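To keep things clear, I will list the structure first and then write my remarks on it.
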There are 2 protein chains.
Amino acid sequence: MTATPRLLLDRPRLERNAARLRARCAELGIAFRPHLKTAKCAEVARIGHEGRTGPVTVSTLREAEFLAEDGFTDFLLATAVTPDRLPRVAALQERGARITVVADDPAMIRLLGEAASRPLDLLLEVDCGEHRSGTDPDGAALLAAAEAASRHPFLRLQGVLTHAGHSYGTGDPARLAEIAEAERVAAVHAAGRLRVRGHDCAVISIGSTPTLLYARHLEGVTEVRAGVSLFWDLAQLSRGMCGWDDLALSVEASVIGHQRTFPGAAGALVLDAGALAMSKDTGANAFMPEARFGILADAATGERLPLSVAVLHQEHGTVPVPDALWFGRLPLGSRVRVLPNHACLTAAGGHGGYDVHLGDGIPAARWMRCDGW
Amino acid sequence: MTATPRLLLDRPRLERNAARLRARCAELGIAFRPHLKTAKCAEVARIGHEGRTGPVTVSTLREAEFLAEDGFTDFLLATAVTPDRLPRVAALQERGARITVVADDPAMIRLLGEAASRPLDLLLEVDCGEHRSGTDPDGAALLAAAEAASRHPFLRLQGVLTHAGHSYGTGDPARLAEIAEAERVAAVHAAGRLRVRGHDCAVISIGSTPTLLYARHLEGVTEVRAGVSLFWDLAQLSRGMCGWDDLALSVEASVIGHQRTFPGAAGALVLDAGALAMSKDTGANAFMPEARFGILADAATGERLPLSVAVLHQEHGTVPVPDALWFGRLPLGSRVRVLPNHACLTAAGGHGGYDVHLGDGIPAARWMRCDGW
């Protein structure tokens, strides 16, 4: 029996989630470029594309290098690139990959142009309201960025990109539809401004899971990036984006202690899934405070239990129980699943890979991840 | 130039921190068993022992296996062991290692006794006030645990262990001295109860960084475990446990964006150190709210800057600036260090190892870590 803690990935749910995303993209008439920042896994990337390779989004060059080993060739690196990363971009290109990078600042584009040693496809990032990165789609910096790109022969402007990350702040369908429309308009408007000035703008890339789900239409958009919706998690569930039966990722943990005294409870279970196995993300709590650091589920069936992780130490998760009967139901050495707040961070917690099962919690395969940068 | 984000480890500070811990243990007349849950690194373990191997504490079997490769032979696995881990314990023993395990519950001890295939050194964990794990040092379960151990020929009771993790809740020296005394008394008292009943109890192991520093004496204690005090971090600094010049760990990040509009600030720097590079721990904020997700320091000198990370996304850290002059001082592509809240969690964030420098931020060596379980 493999030791816990370990990441469990429910393959049938993953496949169903992927099929729904593809169907949604088809309905909207846009290409799907799954974001592999969550899974960092070649098998998951293929399931995103119905068993084949296809265009993917990555958050690190490490992901692109890892997926390239598996035959993927079309990468969008969605975090702003810096000149010191260009040798690795060039190495990927030399192996036959197409890699599109993102920038927003004219000064950075000049640095990239000076550092580039071969042609580089580029998207300009615009800000549709999150204010994390990207320039004003209606501002002068966007045009200056395009001008800067046009002055460097190796920089090939391909279009624009935006990300409505602030869509995670609400679960209201009407508000999400508004944010989705603002995301669409920001990207399409920015592209229009560039096109009338003679710049190429074939790619209009948007992406956030909630806006993909709630957009009324995505006219003018060419592709969508979405990642966590392959796995789902409590943060998304708490906002109404998915159901309990869609949650594909969990952490299997062992009960390593029965704490008979715990303030405000009949005692506590101690799990061997702590802060490293789960992450300290509490993203679900804004809408579902009972989620705390993760909700427990039955190890075999995945059925939700009325218990959650209240305290996390590095290697301990403490689960208060309302009744001492739980010590009999979950004896020492028994196992549970813990449903994470934020799949992206939990999956990255040093697990190294996924124990893939068919819903029963019994691993049938091991799929590797690529963590780090 | 190596890509960011990356972990920087200041070797002179690490060596000074280790020397102070050894001096403190010598002053108290107890053995030092550094806890490698923070560093997970053989070179750091050796610096803990003045360049040699020596007894260490580990939080995972992976750490013990990794350090055994480097010649370490005396391990205390300080998280409660489960029977399914015993084959790995036995494999370590077969390679010549001594590994002591920890349990608190008589039922778990029975399971371990039934599963053990060779002699196993055991400490009984008692609770000195944190209520995370361990039994009441004055309770019946402690005696029942010792009795259970004595019934299994492979289980060799060696002593007791406790951890005053609740010492992180205060920075008040008088209160810390009280917690340290309670930790000492819990362990010594538990050992006394076992000894009068004829159980061996040569080892009395305590450990938390604040109680080691503030204990008035540790009479009766034989060894202390402490880990984060090799690196220090903002959580410890915020409680007065260390000074700014003691912080040995930082995350080097690149400025990948200049966000000109940011609510409540003159704009924001965008760093490529996000939630994966830093962790979402905010442990310093209870005593130092300005720490947020990490305080910035100069990349070359390590000198603190009046800036901190206010928002973390997976691969983005957003640093509001009070004045747009900061965009000139920290241009695109420039580097900073970020001082973490909690060294244990930041170091585990997928970095894979340390870029070791001599205070100047220029890596002179690469030391590997062992993450996972």
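The values are calculated or read from the model by the stated rules, or taken from the named source; none is laboratory data. Keep in mind that this is a model prediction, so the values were computed, not measured. Cβ atoms come from the backbone with ideal geometry, glycine included; neighbour counts cover every protein chain shown.
Overview of results
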quantity: Sole residue being modelled with pLDDT of 95 or more and within 22 Å of the chain's Cα centre (by Cα), chosen from B:177, B:190; calculated: B:177
quantity: Residue count, segment B:193-218 (criterion: part of a loop (DSSP other than H, G, I, E, B), farther than 17 Å from residue B:17 by Cβ and under 24 Å from the mean Cα position of the chain (by Cα)); calculated: 4
quantity: Pick from segment B:90-118, criterion more than 11 Å from chain A (Cβ to nearest Cβ) and of a type in the set (A, V, I, L, M), ranking: surrounded by the most Cβ atoms within 10 Å (Cβ to Cβ); calculated: B:101
quantity: Residue tally, condition within 26 Å of residue B:37 (Cα to Cα), at pLDDT 95 or above and touching a Ser or Thr at 6+ places or on another chain (Cβ under 8 Å), over segment B:193-211; calculated: 5
quantity: Failed item in (1) touching a residue at least 12 places away in the same chain (Cβ under 8 Å); (2) of a type outside the set (D, E, K, R); (3) surrounded by fewer than 22 Cβ atoms within 10 Å (Cβ to Cβ), with residue A:26 passing the rest; calculated: (1)
quantity: Cβ pairs under 7 Å, 6+ apart, first in segment A:132-146 and surrounded by 24 or more Cβ atoms within 10 Å (Cβ to Cβ), second at pLDDT below 95 and assigned to a loop (DSSP other than H, G, I, E, B); calculated: A:133/A:80
quantity: Helices (runs of 4 or more DSSP H) contained in segment B:234-350 and holding at least 1 residues in contact with a Leu (Cβ under 6 Å, 6 or more places away or on another chain); calculated: B:234-238, B:275-278, B:343-347
quantity: Condition met for residue B:85 (touching a residue at least 24 places away in the same chain (Cβ under 8 Å) and among the basic types (Lys, Arg)); calculated: yes
quantity: Which numbered condition residue A:240 fails, given (1) at positive phi; (2) in contact with a strand residue (DSSP E or B) (Cβ under 8 Å, 6 or more places away or on another chain); calculated: (2)
quantity: Filtered residues of segment B:4-23 (kept if among the basic types (Lys, Arg), touching a strand residue (DSSP E or B) at 6+ places or on another chain (Cβ under 8 Å) and touching a residue at least 40 places away in the same chain (Cβ under 8 Å)); calculated: B:6, B:11
quantity: Qualifying residue in segment A:157-170 (condition: in contact with a Lys or Arg (Cβ under 8 Å, 6 or more places away or on another chain), more than 12 Å from every other protein chain (Cβ to nearest Cβ), not aliphatic (A, V, I, L, M) and not in a helix (DSSP H, G or I)); calculated: yes
quantity: The lone exception for residue A:316 - which of (1) within 18 Å of residue B:345 (Cα to Cα); (2) crowded, with 21+ Cβ neighbours inside 10 Å; (3) within 10 Å of chain B (Cβ to nearest Cβ); (4) under 19 Å from the mean Cα position of the chain (by Cα) it fails; calculated: (4)
quantity: Every residue from segment B:351-373 that is assigned to a strand (DSSP E or B) and either buried (at least 22 other Cβ atoms within 10 Å of the Cβ) or out of contact with any Phe, Trp or Tyr (no Cβ under 9 Å at 6 or more places or on another chain) (or both); calculated: B:354, B:357
quantity: When residues of segment A:244-286 are limited to those that are hydroxyl-bearing (Ser, Thr, Tyr) and at pLDDT 95 or above, the one farthest from the chain's Cα centre (by Cα); calculated: A:254
